[in-house]
Each structure stands twice: as structure tokens, then as C-alpha cells.
Amino acid sequence: MSEYDPVAELGLVHDKQLVCSLTGFLQTNNSSRDLCRRFIGKGDKFYDMVSRYDDIVAYVLTRSDGRSGNTARFIAPFLKAFGMTDYAAMEQCRQSMRLMPDAKRVIGHLMKTLPTFFTTSSYEHNVMNVCAELDMPGELIDCTSVDFDEYDISRQEAKAIREMASRVTNLSMPRHEYELNVPVRLQRDEDEMIRTFDRILGPEINELAISDIMRQMKSVGADEKAYFMIDLRRRTQIEFDGTAFIGGDITDIHALDTIRDRGGLAMSFNGCDFAVRKSNIAVMSRDCTAAAVLVQEFYNEGMEAVFDLVENWNRETLRKKDFPDPYLMSAMLESNPRKLPEVHIVNRDNADEIAKRSDKYRKALLRSEYN
């Protein structure tokens with residue numbers, strides 16, 4: 001990301017800023033999964049298996065061997081082996097892109113209100129399409145980037161990698177649920193899955209020239225998002241307690257945890273189980289306007305006012321509230337005429353219940369087009 005500074009551009013001095021993830025908040029499809037589904041045989045299962053392996057070794061087994069937290073990196077050579085090009089990736093991401101209702105209006109409002117940045121694990125091909133649709137400057141986005149056209153792959157290597165993909169999709173999908181950073185005894189199917197991936201992503205693929213694509217690409221995982229937050233604080237001079245982070249991916253957990261522990265707004269928006277547990281506010285909604293309302297309250301009144309707003313989250317109170325932007329509040333109420341978005345303060349007493357409900361909600365939202 002370049003040294004673009006929206007604060008300087010506006011000629012203003014802010015004490016608060018916003019960082020957003022994309023999936024679940026602005027975008028309701030997983031673009032990387034869609035690429036696998038379109039180009040790889042049984043690609044939806046393939047992506048889910050890679051993601052499952054990645055989550056377990058990174059966040060349950062807590063490996064630190066450099067082979068965890070990088071689903072987008074792992075799938076790159078397989079996509080190449082099945083014929084992926086940069087043009088094909090751009091077109092598929094454009095065709096499969098599904099945005100939240102009012103996403104363009106919400107982002108426009110947020111960017112006019114406070115310095116707003118974005119971080120995502122999805123490929124740059126998807127990000128470019130989202131930017132075009134939502135009028136978002138690409139300079140504000142930190143994302144995974146890979147140039148598929150830069151790498152050549154022989155027929156022999158492509159065949160070998162396609163056979164590896166077939167071995168993955170022939171495995172049973174593990175269903176056991178684990179807790180974040182809690183030591184576990186692996187189930188038999190997960191032990192087989194981990195052993196298979198360790199071989200494929202270790203000695204087998206490293207013998208191939210196309211493995212360079214994994215080593216040389218820029219991948220944004222949980223650690224990279226945390227580093228992005230640290231670098232952003234240095235550049236904007238805005239502290240973590242003045243930062244709002246909206247996320248929901250498992251790769252958002254370190255950033256959410258950092259902001260929550262420093263007194264900022266750590267919002268899980270349609271978040272997975274682990275993301276909810278690292279947040280102080282959890283939202284479940286098929287409309288992203290609620291997030292803008294909460295960020296606006298944080299920007300104007302601070303974190304205690306956000307908690308107060310959530311504790312009084314009912315239509316009558318919200319309608320009567322002296323809100324700094326009444327049009328935004330009206331838009332949120334009108335977009336949800338029957339039932340307001342579900343909003344919670346997350347604490348030790350309710351984290352288990354909310355995490356379970358949000359995770360289920362997220363899965364239904366992101367995969368609804370496949371049902």
C-alpha cells in the first residue's frame with residue numbers, strides 16, 4: 001500500500017480511524033472459494049479442505065513453521081495447474097461478486113466521516129472489482145497479490161498438482177469443532193487430512209518449479225493484518241483506542257484482539273466463531289448500514305456511547321435518538337423494516353452463544369448461492 005494519507009488529503013486532523021475487512025461486511029461471497037469452485041475439479045470441497053487444514057494448524061495446533069494462516073497462498077499453484085490466468089481470475093471475480101445491500105452508500109458515508117482503510121486475504125483480482133463497484137481507492141487496501149501470468153507450468157507439473165488436488169478431494173471432510181488455541185486430541189479423519197497436506201504442501205510441491213508462486217506472492221493472513229494495523233498507527237498517528245476494526249474472517253482475529261484490548265471498537269460483522277470471541281461488539285445482519293451507525297457513534301461519542309447504544313438497540317429508542325446523522329439512522333431503520341440487525345456486546349458470559357449463532361449466520365450468508 002502506498003503512503004496515501006486521507007487525513008492530509010482532507011486537510012483535517014482526526015483522532016479516530018476505521019479499518020474494514022471485506023468478506024461478510026461488504027461482500028457476501030468468498031471470492032477465493034469461487035475461483036476454486038470454477039476452475040478446480042470439486043473445487044468447493046478442495047477449498048474447504050485447504051481452509052480447514054489451514055485453520056487447524058494455525059489456530060488450534062498453533063504451528064509457527066511458516067506453513068499456516070495462508071489459504072490464499074496454498075491454493076495458488078493449484079489454480080495455476082488448472083489453467084488460471086490473471087484475465088480469467090478478474091472475470092470470474094467480477095461475475096461471482098455479490099455485494100451487501102447499500103454497500104456503496106455505506107462506504108461512501110464512512111470514507112467521508114473518518115480515515116478508512118481496508119485489509120483482506122482475498123486476491124487483488126477480487127479487490128479491483130470491488131473497488132470499481134464501490135468507488136474505493138485501491139491505495140487504501142492491503143490485500144493478497146499474485147501474478148498468475150508471470151509463472152509458467154509444464155504439463156508434467158500441472159498433471160502432478162492436479163493429482164494432488166484429487167487426493168485432497170477424496171479425503172473425508174472433518175466436522176469436529178475446536179476451540180481457539182486450546183490443546184486437542186485430533187480425530188482420525190483430521191489426522192489423515194493433516195498428514196496428507198503436510199506431505200503435499202511440504203516435500204511434494206516444493207520439488208516443483210511452480211512452488212515459486214507460493215514463495216514469491218504476497219499473502220495477507222492473520223499476522224499480516226496485525227502488522228498492517230501497527231504500520232497504520234505509525235503513519236496516521238491514531239492510537240488503537242481510537243481505531244474501529246470491522247472484521248469477521250478467522251484472519252481478522254489478531255487485529256480484533258489488539259483493538260479490543262486497547263479500548264477501541266472491535267466489531268465482528270457476520271463473523272466466524274473465532275472472530276466473535278476476539279470482538280467487543282458482534283453484529284449479524286444482511287445489511288451493512290448498522291455497522292455505519294455504530295462506527296458513527298464511536299467517531300462522535302466514543303466507545304462507552306457505543307455500548308450504551310447497543311444496550312438500547314430497539315426501534316423506538318433509535319428513532320427518537322438525537323443522532324448526528326439522522327439520514328443514516330433513517331436508512332438503517334428503513335432497510336430493516338421488520339426486524340433490526342442483531343447487535344450484542346460480547347463478554348465472557350455470552351461469547352459461546354453469540355459465537356455459535358454468528359458462525360452459523362455467516363456460513364448461511366456466504367454460501368447461500370450454492371443451496
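Every number in this text was worked out from the coordinates using simple rules, so none of it is lab data. Bear in mind the structure is a predicted one, so any value in this text is a computation, not a measurement. For neighbour counting, all protein chains shown are included, and Cβ atoms are generated from backbone atoms with ideal geometry for every residue, glycine included.
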Please get the size of the charge dipole for the chain, origin at its Cα centre, with Cβ charges of +1 on Lys and Arg and -1 on Asp and Glu, quoted in debye to the nearest 20.
1140
With the Cα gyration tensor of the stretch 25-112 giving a ≥ b ≥ c as the square roots of its eigenvalues, does the rule (a/c under 1.5 for rounded; else a/b larger than b/c for prolate; else oblate) give rounded, prolate or oblate?
oblate
Out of the trypsin sites (Lys or Arg not before Pro) in the stretch 185-217, which ones are loop residues according to DSSP with at most 12 other C-beta atoms within 10 Å?
Arg185
Skipping prolines and chain starts, which residues have an amide H placed within reach, meaning under 5 Å, of the one on Cys20, given they are 5 or more residues away or on another chain?
Phe117, Phe118, Thr119, Ile246
Gain on full stretching of the segment that runs from Ala364 to Glu179 - 0.36 nm per residue minus C-alpha separation
64.5 nm
Sequence-distant lysines (8 or more away, or on other chains) whose Cα lies within less than 22 Å of Lys356
Lys278, Lys339
For the stretch 275-334, list log₁₀ I(q)/I(0) at each q in 0.12, 0.27 Å⁻¹, using the Debye formula over Cα point scatterers of equal strength and ignoring solvent, two decimals each.
-0.27, -1.39
Relative contact order (percent) for the chain, with alpha-carbon contacts under 8 angstrom and 6 or more residues of separation?
21
What are the principal axis extents of the Cα atoms in the stretch 163-254, in Å, biggest first?
49, 35, 19
Taking the alpha-carbon distance from Lys80 and a cut-off under 19 Å, which lysines remain once sequence neighbours fewer than 8 residues away in the same chain are dropped?
Lys42, Lys45, Lys159, Lys218
Using a Gaussian network model of the chain with C-alpha springs under 10 Å, which one of Val60, Val343, Val130 is most mobile by mean-square fluctuation?
Val60
In the Gaussian network model of the chain, springs joining C-alpha atoms below 10 Å, which of Thr120, Thr71, Thr236 carries the largest mean-square fluctuation?
Thr236
Across the stretch 22-31, in residue order, what do the Karplus-derived ³J(HN,Hα) couplings come to in whole Hz, using 6.51 cos²θ - 1.76 cosθ + 1.60 with θ = phi - 60° and x for Gly and Pro?
9, 6, x, 9, 9, 10, 10, 10, 8, 5
What distance in nm lies between label points placed 7 Å from Cα along the C-beta direction at Glu342 and Ser166?
4.3
Computed E for Gln187/Lys356 - FRET, C-beta separation, R0 25 angstrom, nearest 0.05:
0.80
Looking at the calculated P(r) for the stretch 112-221, what percent of the C-alpha pair distances fall above 17 Å?
70
